[in-house]
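Q: My structure is below; once you've seen it, I'll send some questions.
Read-outs throughout are calculated quantities, based only on the coordinates presented, and are distinct from any laboratory measurement. If you're wondering where the values come from, they're calculated on a predicted model, not measured in any experiment. Cβ coordinates were reconstructed from backbone atoms using ideal geometry, including for glycine residues, and neighbour counts include every protein chain displayed.
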Amino acid sequence: MAYELAATSIRWGRFIDRFKRAPKGLQQHLAIREACDLSWLGDHPVQPERVSLWLAMRTSSITYDLNALQQTAWTVRHLLSATDPLDDLQAFLDRKQEAGGDIDRCSAIIMQASGLSPIVRACYAHSIWTLAELGKHGARIEGAVLAQRLASSFTSDTGFLPMASAGSAPFSGASAYQRLVRWLDGAGASILRAMRILDDYEHWGHLARASQAIFKVETRDALIDLFLCAPYVTTALAMDRTGLSKTSIVRHLTALQDNGIVREITGQNRFKIWVPKSGH
């Protein structure tokens, strides 16, 4: 098991280095994708576009469960939270209104494992949370988010350990050994996927900057930078971040859309939202 832990830790370290060199803000993109992958642990999986739309406009549809969207948005916020979960686990989980005895006991037990490797401690924390059977709807996702945040306790460069793209296997197991094996396997696979997503967005940025169907290079580059540091872009957001006029923003976003570089996800004539047209 020492070899597997070392291999996963090395891969994790490489991801952190890769993340440092990525355009600022891509953690948001990764958090949305991670939250959507985690939504499969619940009853209603959610797609990234729906989450981006919900975060931007609080807009749902008849094909999506409102509770599932709210749960996934909660996951995004807490994966990106700067709060140490164990400083106040009840507050971190937004459970301050509940009797906190079981949650406090879970936190105390997890804190006793501070000498473990962060990745191993995260697996241990998830196991403790699962055994506690706190029963709240969405508790499986809460436990996963808690563990993923704890795994990154040794670095401030990224707020969570990518895990969920490996499916439900990392969050299950009959024995402690089996749980740890699945946890390390899941972490390794998910870290690789996260690195591919970072590569994909950087590649998207290069393609977007090479587009010739843009009226003004400076405006194009400002919008591309915005897409790389926000999970979605609205006309109002683009105007606020770039200082450009609405007419200029709409003209350039339409050109990017016509050239297959971005996609509009609302299907509306007003209050449009654009996202990068990436391969992942």
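Q: Give me, ordered by chain and number, the residues 5 or more places off Arg263 or on other chains with an amide H under 5 Å from its own placed amide H.
A: Here the answer is Val275, Lys277, since their amide H atoms fall under 5 Å of that of Arg263.
Q: Also, I was wondering about something else. Please arrange His206, His29 by how many other C-beta atoms lie within 10 Å of their C-beta, fewest to most.
A: His206, His29
Q: Right, next: Of Leu244, Ala222, Gly267, which is farthest on the positive side of the dipole of the range 211-276, counting Cα position, with +1 on Lys and Arg Cβ, -1 on Asp and Glu Cβ, and the Cα centre as origin?
A: Gly267
Q: Can you pull the semi-axes for the range 211-276, root of five times each eigenvalue of the Cα gyration tensor, sorted largest first, whole Å?
A: Each semi-axis is √(5λ); the values are 15, 14, 12 Å.
Q: Oh, and also: To one decimal place, what Kirkwood hydrodynamic radius in Å is obtained for the chain from all pairs of distinct Cα atoms?
A: Result for the chain stands at 19.9 Å.
Q: Just want the ordering: Thr83, Thr247, Thr72, Thr235, from fewest to most Cβ atoms lying within 10 Å of their own Cβ.
A: Ascending Cβ contact count within 10 Å gives the list Thr247, Thr83, Thr235, Thr72.
Q: How long are the three semi-axes of the equivalent ellipsoid for the range 141-280, computed from the Cα gyration tensor as the root of 5 times each eigenvalue, in whole Å, largest first?
A: Listed largest to smallest, the semi-axes of the range 141-280 are 38, 15, 14 Å.
Q: For Val120, what is the net charge nearby, where nearby means another residue's Cβ is under 11 Å from its Cβ and Lys, Arg count +1, Asp, Glu -1?
A: Taking every Cβ under 11 Å from that of Val120, the sum is +1.
Q: Going by how many other beta carbons lie within 10 Å of each one, how would you line up Glu133, Glu34, fewest first?
A: Lowest count first: Glu133, Glu34.
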